[in-house]
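Inspection log for the structure reproduced underneath, given as structure tokens.
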Amino acid sequence: MAILFSPKEFAKLKDTLILYRCALRNMVARVDTLQDDFENLQKYNPIEHVKSRIKTPESIARKLHRRNLAITDNNVRKELTDVAGLRCICSYARDIPHIVDIFRGQPDIEILREKDYISTRKESGYRSYHLIINVPIYLTDTTKIIPVEVQIRTQAMDFWATLEHKVRYKYKNEIPPHISYMLVQCADEIAKLDRRMYSIQEYVDTVY
């Protein structure tokens with residue numbers, strides 16, 4: 001059976017999602033500005049590319065249902081912090097703290113929560129740095145504060161996460177143990193590869 005919002009709550013949700021889209025555009029614009037700065041005014045641009053998304057109403061409803069919460073617009077605002085998501089893909093793992101520090105230094109946003117899954121990966125092998133950032137949205141007669149989830153990871157980490165997501169979806173979150181084991185091994189090898197590639201880059205920069 002499909003898990004959906006009632007027509008009344010769905011009408012409210014449509015207005016709420018406008019605010020999340022505004023907050024996400026705000027964050028995308030910030031990263032675009034950083035990329036212009038890195039490309040033109042700094043020696044090195046650590047940001048390879050950016051992805052962004054807004055959760056669909058169906059996905060939001062399923063998440064509320066999994067948490068045993070009523071499927072209401074009010075619970076979306078109160079309980080969920082990942083409706084709007086931005087993924088910042090970096091060249092190397094050592095670039096990630098620099099990007100995090102830049103966000104910390106922007107005075108008009110507030111970092112609500114941080115999770116470092118790079119220093120300590122998840123049991124599954126997942127690595128990424130997560131921020132929940134409260135973003136101000138300036139409307140005609142008021143200001144709204146909207147959370148945006150920002151994930152910062154390397155290209156290799158992103159490749160692994162995409163594969164793991166596909167496997168998890170195929171097996172409906174019940175991944176066979178032998179595949180889980182292989183995924184963890186791959187994640188650890190990717191972390192080593194990230195470090196080795198950065199070492200090569202450092203050497204080249206030093207010599208040339």
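Taking GLU123 as the residue in question, decide whether it is part of a strand (DSSP E or B), of a type in the set (Asp, Glu) and out of contact with any Cys (no Cβ under 7 Å at 6 or more places or on another chain). Here the answer is no, as GLU123 does not meet what is asked.
If only residues of region 86-115 that are touching a helix residue (DSSP H, G or I) at 6+ places or on another chain (Cβ under 9 Å) and charged (D, E, K, R) are counted, the one that is nearest to ASP194 (Cα to Cα) is ARG94.
Just one of the listed residues (ARG113, ARG104, ARG168) is without any contact (Cβ under 8 Å) to a residue 40 or more places away in the chain, surrounded by fewer than 19 Cβ atoms within 10 Å (Cβ to Cβ), of a type in the set (D, E, K, R) and in contact with a Leu (Cβ under 8 Å, 6 or more places away or on another chain), and it is ARG113. Looking at the structure I just gave you, is LYS192 surrounded by fewer than 12 Cβ atoms within 10 Å (Cβ to Cβ), farther than 30 Å from ILE54 by Cβ and of a type outside the set (Asp, Glu)? Here the answer is yes, as LYS192 does meet what is asked.
When ALA2, ALA23 are checked against the criterion of being more than 30 Å from GLU202 (Cα to Cα), touching a residue at least 12 places away in the same chain (Cβ under 8 Å) and loosely packed, with under 11 Cβ neighbours inside 10 Å, ALA2 stands alone in meeting it. Criterion applied to LEU86, LEU24, LEU112, LEU69 was being part of a helix (DSSP H, G or I), of a type in the set (A, V, I, L, M, F, W, C) and modelled with pLDDT of 95 or more, and the one residue passing it is LEU24. Of all the listed residues (LYS14, LYS63), the sole one being in a helix (DSSP H, G or I), of a type in the set (Lys, Arg) and surrounded by fewer than 17 Cβ atoms within 10 Å (Cβ to Cβ) is LYS14. The residue that is nearest to the chain's Cα centre (by Cα), counting only those in region 181-208 that are hydroxyl-bearing (Ser, Thr, Tyr) and modelled with pLDDT of 80 or more, is TYR198.
The values are calculated or read from the model by the stated rules, or taken from the named source; none is laboratory data. Fair warning: this is a prediction, and the values are worked out from it, not measured in the lab. FYI the Cβ positions are ideal-geometry reconstructions off the backbone, even for glycines, and counts take in every protein chain you see.
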